Amino acid sequence: MAAASSSSPPRLAVRGLTKRFGGLLAVNGCSFEVEAGSVVGLIGPNGSGKSTVFNLITNLLHADGGEVLHDGVPIGGLSLHKVARRGIGRTFQEVKIFRELDVWENLGLAALGRGLTDWQDRATSLMADFKFSHLKHETGENLSIGQQRLLEVAMQLLVQPGLLLLDEPLAGVHPVVRDTIADIIRDQRRQGRAILLIEHDMRFVMDLSDRVVVMDHGEKIADGPPSEIRANEQVIEALLGASHRPSDQQGEH
Amino acid sequence: MTKTMRVALIGVPAVAGLALPLVWSHPFVLHIAIQALIWALFAASWDLLSGYTGQISFGHAGFFSIGAYTAAILTKTLALSSWIGMPAAFVLCGAVGLGVGFPALRLRGHYLALVTLGFGEIVLLVATNWESLTGGAFGMHDFGTFTGLSGDPLHQRQISYAIVAGITLTGLAVLLWITRRTEAGPAFRAIREDQVLAAALGINTTYYKLLAFTLSAAFAGLSGALYAYYIQLVSPSIGASSQSALVIGMAVFGGIGTIWGPFLGAILLFGITEALRFVGVVYNLIAVGAVMVVFVIFVPRGLAGLRLRRRGRVQRADRRAAESAASSG
Ligand SMILES: Nc1ncnc2c1ncn2[C@@H]1O[C@H](COP(=O)(O)OP(=O)(O)O)[C@@H](O)[C@H]1O
Ligand SMILES: [Mg+2]
């Protein structure tokens, strides 16, 4: 784990986070932390509340209980753009890019959101890393799903948020680019950024994460280093159980 | 569609129409050019909010109307010069736009449409019923021209043409500058494309939406003031929803989201309407309506969209649409 700090507060601390949708307790008293310079994997079967946790951290949804601390500061009352401006970046499970604008314009808007003026060189090298330099002036909607996902990730990497939330960054992405994304996540970690990673690809998560948080039915059922999580009976039951239930099969890939 | 053809199709007739009074200073030519310019600024103001920022306003004539009444009241009732009336209309309408923007912040689509439509109707009702201020249904007239002087009508028109051209072209330049040269331009487009993503990237969507409402209303109000000083008659009907519909039609005709498209589109469409008067005042409107329908169907992105076609974007979109039609059918 990272050299960060017993004294300074963690980059992200989630405490007793709770969210209801009508009768459904989508997130139920979840608590965990992400230190600067570490990667935390967030796993669990489909519908266990992972994406909702992202929406609560970024205030896209308002929590019914609990709090979120960023560098020790509660951020529950901040508007969406202020959360981003604090240096919290995210991607969405359903890819979100500006579909009618081209790749370069998308990157430009990511820079604009954080008030970056000197972003062009970095954007150019990110496009090269992700192998879509030739798509610079292609409209978002003309990209493949995988390319759209990469663009979304690139937009976040461009602004280098201190805390990065990635929601299934590999979904629909060509296997060739998988290693590139892994390298980039490692690189970000080395640079002291905190990363919270939702991903169904277990090997990817286990390889990259310093710690793994497991959710099931809105509750945290385990939290520890990958080796421990791999051996945890309850986790295996939750993950395998879900993938063996016929209705959830399409979610496990 | 080449760049040359585009210029030929939009630029040449519109600019030629604008410049016509310079070579042929006929009162009727001046009359049409002046009104076309006023509509052009009005259409460009609508485009800033609705085409560029995606906050569709169905009540923009409300701002135009408030601007016109502000000019009329300041000049007739308070005997102030048009050089105070015009900036006053600009500032007041900006403030009203900001006020309309607040409730509109959380609304999208149909709900936003209803708020803006309702705003237009409220302005119409107030203009009709607040007789002591607005003159009621008959409105206000003869409150003083741009210069406040009267004299040879042709000379008056020439002066009006110079003033209106100067102000509307400056307005166009300012709107183009805001959208092309400041951070507001990309922020507006980001809001139009995806508000949640814009905010998640750190763009202050609240601020930029209010800015778009304020600026758009201010320029609509300014065009209303120009109308008042030129036409010398302000009545509730200038704020009618048909006026709002017409300005939308002009913007769509010219190509929304480009500022210059609606500006030139309005000039062209207004010119066509007036030029067709000889076929009769109802038939010319039907003809213009037909032109607009043809455009909405065959050139959905308006005249300015012909530029996109050249870049190949629309062709790809067309091909995809054709493919999906083929695969589903
Ligand atoms: N906006 C919403 N409104 C209602 N229910 C929702 C909403 N978002 C998520 N849910 C429900 O909350 C549960 C958790 O969803 P989600 O957080 O997306 O799970 P995961 O990301 O772990 O697959 C699911 O049952 C989902 O249907
Ligand atoms: Mg999810």
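Rule-based calculations on the coordinates, nothing more; no lab input. Quantities reported herein were computed from a predicted structural model and do not represent experimental measurements. Positions of Cβ are backbone-derived with ideal geometry, glycine not excepted, and every protein chain shown enters the neighbour counts.
General observations
- If R0 equals 25 Å, the separation of the Cβ atoms of B:Asp152 and B:Ala173 corresponds to a calculated FRET efficiency of about 0.20.
- DSSP bridge analysis restricted to the protein assembly as shown gives an antiparallel fraction near 60%, rounded to the nearest 5.
- The label point for A:Ile221 and the one for B:Val91, both projected 7 Å from the Cα toward the Cβ, are 6.6 nm apart.
- Computed E for B:Ala162/B:Ser237 - FRET, C-beta separation, R0 30 angstrom, nearest 0.05: 0.60
- q = 0.20, 0.22, 0.30 Å⁻¹: log10 I(q)/I(0) that the Debye formula gives for the range A:101-160, counting C-alpha atoms only: -0.63, -0.77, -1.42
- Overall, the ratio between the Cα radius of gyration of the protein assembly as shown and 2.2 N^0.38 Å, rounded to two decimals, is 1.16.
- Once the C-beta distance of B:Arg108 and B:Tyr207 is scaled by a Förster radius of 25 Å, the resulting FRET efficiency is 0.90 to the nearest 0.05.
- Build a GNM of chain A with springs between Cα atoms under 10 Å apart, and of A:Asp201, A:Asp167, A:Asp121 the one that fluctuates most is A:Asp121.
- With 0.36 nm allotted per residue and the present C-alpha distance subtracted, the A:Ser125-A:Glu237 stretch has 36.0 nm of extension available.
- Considering chain A at the alpha-carbon level, its Rg and Dmax are found to be 17.7, 50 Å.
- Cα principal axis extents for the range B:3-298, largest first, Å: 60, 51, 35
- With the gyration tensor restricted to C-alpha atoms of the range B:52-171, the semi-axes of the equivalent ellipsoid amount to 30, 18, 12 Å, longest first.
- In the range A:180-242, a dipole from Cβ-located charges (positive for Lys and Arg, negative for Asp and Glu) runs towards its positive end, and of A:Val205, A:Pro225, A:Ile184 it is A:Ile184 whose Cα lies farthest in that direction.
- Virtual spin-label span in nm between B:Ile272 and A:Asp118, 7 Å along Cα→Cβ: 5.1
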